[in-house]
1. Looking only at the range 78-112, which residues are surrounded by 13 or more Cβ atoms within 10 Å (Cβ to Cβ) and among the small types (Gly, Ala, Ser)?
2. If you take the residues in the range 1-49 that are at pLDDT 95 or above, among the basic types (Lys, Arg) and surrounded by 13 or more Cβ atoms within 10 Å (Cβ to Cβ), which one is nearest to Arg99 (Cα to Cα)?
3. Name the single residue, out of those in the range 126-137 being touching a Phe, Trp or Tyr at 6+ places or on another chain (Cβ under 9 Å) and either open to solvent by 40 Å² or more (accessible area, probe 1.4 Å) or assigned to a helix (DSSP H, G or I) (or both), that is farthest from Pro34 (Cα to Cα).
4. Determine which member of the set Trp75, Trp123 is crowded, with 22+ Cβ neighbours inside 10 Å, closer than 24 Å to Pro35 by Cβ and aromatic (Phe, Trp, Tyr).
5. Answer yes or no as to whether Lys157 is open to solvent by 20 Å² or more (accessible area, probe 1.4 Å) and touching a residue at least 40 places away in the same chain (Cβ under 8 Å).
Amino acid sequence: LAEIVPREPGTELPPGATDSRIDGFVARRAVTIPPEVRDWLRFTDGPAIGQGGVFGLDDFDETYGSLPGFQERNWLSLGTDGCGGYYVLALAAEEQPLRPVYYVDPHSTGYDEPTYVVASNFWRFLWFLFRSGPGEKDWPFHEAVVLAADPELASVKSAPLPWEADGESRN
């Protein structure tokens, strides 16, 4: 799917990270990188695709340096929306074995809590992110469309669902 995502003409996906590089980050930051994120990082490390780019190891490190609360909350920053908000993977969510992805909007909830949940897991997040484009309104706010693609999202209780946080359901 990452191969078909629109990106700047002439740009290629960056190569993946080695296991030793991933392990070095894990040791330095004392954080767990789940198997699905490791697989992604081995495929490509920090591609400039999606709304605000999908983060890689250097971006994870930079985010933990500038927003240490993310590391304290056991969140792994996956990217931005291009407007100041972050998508973060909840590494230790109460919904285990799910690892939901939250959207954190510093303008509405600050950096201390998720604004709402956007996907039940990392792969579903990438699927939504790569399918959504400028002006597309289904993800994450169209309840029926989102739950049809990600039914496990309804079981996430650690953050509001987007249509609940938004104050209205769009079925």
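The values are calculated or read from the model by the stated rules, or taken from the named source; none is laboratory data. In this text, all values refer to a predicted model and were calculated from it rather than measured experimentally. When we count neighbours, we look across all protein chains shown, and the Cβ atoms used for this are built from the backbone with ideal geometry, even at glycine. We work out accessible area using only protein heavy atoms, side chains counted, and drop any ligands, DNA or RNA first. Shrake-Rupley method; radii C 1.70, N 1.55, O 1.52, S 1.80 Å.
1. Restricting attention to the range 78-112, the residues satisfying the condition of being surrounded by 13 or more Cβ atoms within 10 Å (Cβ to Cβ) are 78-81, 85-91, 93, 95, 98-106, 109, 111.
The answer is Gly79, Gly85, Ala90, Ala93.
2. Residue satisfying both the conditions and the ranking: Arg38.
3. Arg131
4. From the options Trp75, Trp123, the qualifying one is Trp75.
5. For Lys157, the condition - open to solvent by 20 Å² or more (accessible area, probe 1.4 Å) and touching a residue at least 40 places away in the same chain (Cβ under 8 Å) - is met.
Results for (1) β-branched (Val, Ile, Thr); (2) modelled with pLDDT of 95 or more; (3) closer than 21 Å to Gly79 by Cα, shown as yes or no for each residue.
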site	(1), (2), (3)
Ala93	no, no, yes
Pro97	no, no, no
Tyr102	no, yes, yes
Glu113	no, no, yes
Leu147	no, yes, no
Gly167	no, no, no
Asn171	no, no, no
